[in-house]
Every structure is written in C-alpha cells, then in structure tokens.
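Here's the structure, in structure tokens; my notes come after.
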Amino acid sequence: MMEQNSESIVLTMMQKKQTITDEDRQRLLDTFKRINVNNIWSKVENVNDFHAQRFESGNVNDICLCTLSENFCHQQRSSAGYNDGDFIKIVVKFYTTFDWLAIDPIERAIINAIVSLNGFSPKLLFIDDKCQIDEYVEARHYNYDDDCDDKTVRLMARQLANFHSIDPIPISRAGFDRWLAMQDDKENEFFQLIWKDKVHLKMIEQNPEFKEKYYDLIASMDMESDEEFLKKLINKVDSPLLFSHNDLNRQNRLVKFDDNGQKQIYFIDLDFSNYGWRGLDLGRYFSNYRHHDDMFGNEGFSDDQQMNLFLDEYRCELSKHHSSEWLKDERNSLEHLRDEAKIFTLKAYSVDAGFGVMMFVQNPTSDKFLITTKNRYEGFLQLKKRFTDDGTIARILGDEN
C-alpha cells in the first residue's frame with residue numbers, strides 16, 4: 001500500500017478516460033445547452049443528435065471530438081436554414097480540476113478569444129470556467145518532417161513572432177507573478193510530497209523492474225538545486241517579457257493545408273498563455289527540434305547554424321512590429337536569441353522531468369512518465385555539460401576568463 005500522504009496528490013488530477021459513457025454524453029448535452037442560440041449546436045436536444053469520441057492526445061485536459069448526426073443535420077437544413085458550414089464538427093475541452101497555476105478563467109477567456117480572432121488558433125465557439133469549444137479543423141500535429149523542411153521552419157518562426165506581437169492583451173500581470181511564486185514555493189503540496197518526502201521513489205521501489213531501470217537516475221535528481229541554477233541563468237540572460245504561449249510543444253502546434261495546398265500553422269491549448277519570458281517559447285521549440293518523439297524525447301540539440309535558420313527569420317519578423325531602434329538593442333541580436341533559446345531549452349528539459357514525476361504518482365502502475373523523466377533529465381544533464389564545455393554558461397553568468 002502507498003503511504004496515506006500520497007493520496008491527496010493522486011486525487012487532485014482528473015483521470016484520463018478512453019471511452020465515452022452515458023454520463024459523458026449527458027455532460028456534453030448540458031454543455032451544448034449553454035451555447036449561444038445562433039450556433040447550431042444549441043439546438044441539440046438529445047444524445048442521439050451527435051456522436052462523440054475522445055482524443056488520445058493530451059496529458060491533462062479531457063478533450064472530445066463531437067460530430068452532429070446526419071439525421072439532425074438534415075432536419076436543421078430543412079427547418080432552420082443551417083448549412084454544412086455551420087461547424088458540424090467541434091472540439092470540446094473540459095478543463096482539469098488540477099489547477100496548479102490557479103488560472104484566472106476570465107483572463108483565459110480573453111486570451112482564447114483574442115488569439116482566435118487574430119487567426120492564430122481555430123475559431124472559438126464557446127468558453128466558460130469549465131470548458132471551451134472550438135471548431136474542428138482537418139490538421140495534424142507539427143512533426144519531425146516539418147523541422148527538416150526549411151520553408152516550414154521559417155513559417156513557424158514568422159507565426160511565433162506575430163503571435164508574440166499580439167497587442168493589446170488586456171490581462172493583469174498576476175499570471176506571470178503566480179508562475180514566479182510557484183517556482184519559489186517550497187511549502188506547496190507537490191514540493192513537499194515529491195522533493196521532501198520522496199513519495200515517487202517509494203512508489204518506484206515497490207516495482208522491481210521500475211527500480212532497476214529508473215531509480216538511480218531519478219533518486220539523483222536535485223530539482224531544488226537545478227531550479228536555483230536555472231533561475232540564476234534566466235536572470236542573467238534577461239529575456240524580454242511579451243505575450244507568450246508558455247506550452248509550445250509539438251502537440252500544441254497544428255499544421256493545416258489551405259485550398260492552395262499551402263501550410264498554415266495554428267497554436268492550440270492556451271491554458272498557460274500569458275505574459276512571460278520570450279525565451280520560454282523559443283526553448284520549448286528547440287527542446288524537441290528534429291526529434292522523432294513529439295513531446296519528451298532526448299534526441300540531441302541543434303547546432304548554431306540550425307538555430308539561426310529559425311531565429312533569424314523570427315527576429316526579422318518580430319522587428320516589423322517595432323521601431324528601427326529595436327534591432328539595435330543587444331537583447332534582440334541573433335547571438336542573444338541563441339543564448340535565450342539554449343538556456344530556456346535547459347528550462348524546458350527540467351520542467352518536463354518534474355512533470356514526468358508528477359504524472360507518475362497519478363498512476364504508479366505504468367512507467368510511461370518515468371520514461372519521460374529519464375529522457376528529459378538525462379537530456380538536461382547532457383545539455384548542461386555541453387553549454388558548460390563550450391563556454392555558453394560561463395559567458396552568460398559573466399565569469400568567463
């Protein structure tokens with residue numbers, strides 16, 4: 001049996017489900033009744049009017065694809081004048097109750113609405129404090145092949161630069177302040193259970209296979225020391241604050257082809273979007289650049305020339321939103337952008353290693369997230385050594401001889 005004090009962290013996370021139950025259908029139906037009356041989905045009256053299935057992707061939120069039934073569509077075409085362009089397919093995302101960042105639902109609604117209206121995400125059809133509904137677009141996740149295509153890399157760089165330039169976003173600084181406070185909070189439940197009480201290590205010890213594969217590496221993790229090291233680097237690299245996605249992994253980038261066969265890139269899952277360091281999105285992008293694993297791999301890191309392809313395009317596009325003085329600021333030089341991307345890639349690897357531990361304690365019978373922690377922490381250590389050996393860290397900290 002697990003220790004009693006580990007139960008609270010297990011109970012706070014919404015458990016992922018694979019199938020659609022009658023209870024789920026009723027929950028969806030109740031949600032559709034809250035949609036504005038001009039939307040065809042507000043006319044849905046019973047569970048036979050639509051089909052629902054769960055998306056396999058996503059680690060936290062509960063996401064469903066819903067499609068209107070053919071019979072319902074036929075009735076609406078003939079009686080109410082709706083046509084096939086009226087969002088026959090939608091994506092419904094129920095937010096997790098495990099909200100470690102205490103996200104402000106009003107600000108989340110503002111952010112999602114503005115990003116959607118600016119064309120950076122699929123059309124937002126409904127949002128409240130419990131869920132959001134977006135149009136379904138025929139698209140795929142950004143992948144390894146996209147990273148290997150120079151044209152797509154440049155497109156991604158321009159899209160991110162323009163996303164970072166959305167203005168105004170009428171939200172407070174509270175989200176960024178909460179992010180900073182969370183990193184310094186050593187009294188929160190997660191920190192106490194994991195890094196003080198070592199609950200995850202006790203769980204690993206109970207499985208001989210897990211213990212052999214993962215225990216030594218994960219037991220060696222000192223997230224408190226790593227966080228202090230990263231905090232010092234981030235303070236020194238002085239990344240500007242701007243509107244940031246803050247969770248720009250590949251599964252949150254959709255690639256869609258328009259009627260002319262040209263790629264379009266959408267950003268989704270804006271739950272953590274807020275004002276933040278520019279480097280957060282740059283580091284997240286490079287943390288799985290040219291990886292076959294879309295999320296949590298450890299497959300190497302790009303060289304400076306590869307980084308320049310993306311960063312130079314990003315820099316040029318971002319400069320269009322500023323005065324001529326912007327390019328003269330040393331923080332906006334190509335060299336500085338590379339430094340930001342490298343330091344925040346380290347940050348991304350460290351965050352993912354901790355996330356893997358957090359997710360493992362939700363389901364200690366599977367090693368899915370132990371693999372995540374192993375990959376990303378090994379990657380963190382390798383990159384830390386690389387940036388130490390090549391002088392990057394010493395130069396940023398200002399103690400290079």
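Every read-out reported here was derived from the displayed coordinates using simple, explicitly stated rules and does not represent laboratory data. Just so it is clear, the model here is predicted, and its values are computed rather than measured. All Cβ positions, glycine included, derive from the backbone under ideal geometry; neighbour counts span all protein chains shown.
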message = As a test of the formula, what do you get for the chain when each DSSP H run with n ≥ 4 contributes -39,500 (n - 2.57) and the sum is divided by the residue count, at 222 nm and rounded to the nearest 500 deg cm²/dmol?
response = -14000 deg cm²/dmol
Neighbourhood net charge (10 Å Cβ-Cβ; Lys/Arg +1, Asp/Glu -1) for Phe55 = 0
note = Rounded to the nearest Å, the spacing of the alpha-carbon centers of segment 201-278 and segment 72-142 is 24 Å
request  = Set the Förster distance to 25 Å, then compute FRET efficiency between Leu101 and Asp329 from the Cβ-Cβ distance, nearest 0.05.
outcome  = 0.25
request  = With springs only between Cα atoms under 10 Å apart, run a GNM on the chain and tell me which of Phe257, Phe301, Phe87 wobbles the most.
outcome  = Phe257
task = Calculate, for Asp22 and His141, the FRET efficiency according to 1/(1 + (r/R0)^6) with r their C-beta to C-beta distance and R0 25 Å; round to the nearest 0.05.
result = 0.25
inquiry  = Need the C-alpha centroid separation for segment 156-171 versus segment 304-374, integer Å.
reply    = 16 Å
ask   = For the pair Ser79 and Lys320, how long in nm is the line joining their label points, each one 7 Å along Cα→Cβ?
value = 4.8 nm
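Taking square-rooted eigenvalues a ≥ b ≥ c of the alpha carbon gyration tensor, is the chain rounded, prolate or oblate, where a/c under 1.5 means rounded and, failing that, a/b exceeding b/c means prolate? Kindly include the intermediate steps, with their values, before the conclusion.
Working: a/c = 1.95, a/b = 1.25, b/c = 1.56.
Oblate is the answer for the chain, as a/c is 1.5 or above yet b/c matches or exceeds a/b.
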note = With Cα coordinates, the longest principal axis of the chain makes an angle with the long axis of helix 304-319, in degrees rounded to 10, of 60 degrees
key: Inter-probe distance in nm under a simple model that places probes 7 Å from Cα toward Cβ, at Asp293 and Asp128   = 4.0 nm
Charge sum, other residues only, whose C-beta stays under 10 Å from Met307's C-beta, Lys/Arg counted +1 and Asp/Glu -1 = -1
note = Taking every other residue with Cβ under 10 Å from the Cβ of His291 and scoring Lys and Arg +1, Asp and Glu -1, one gets -2
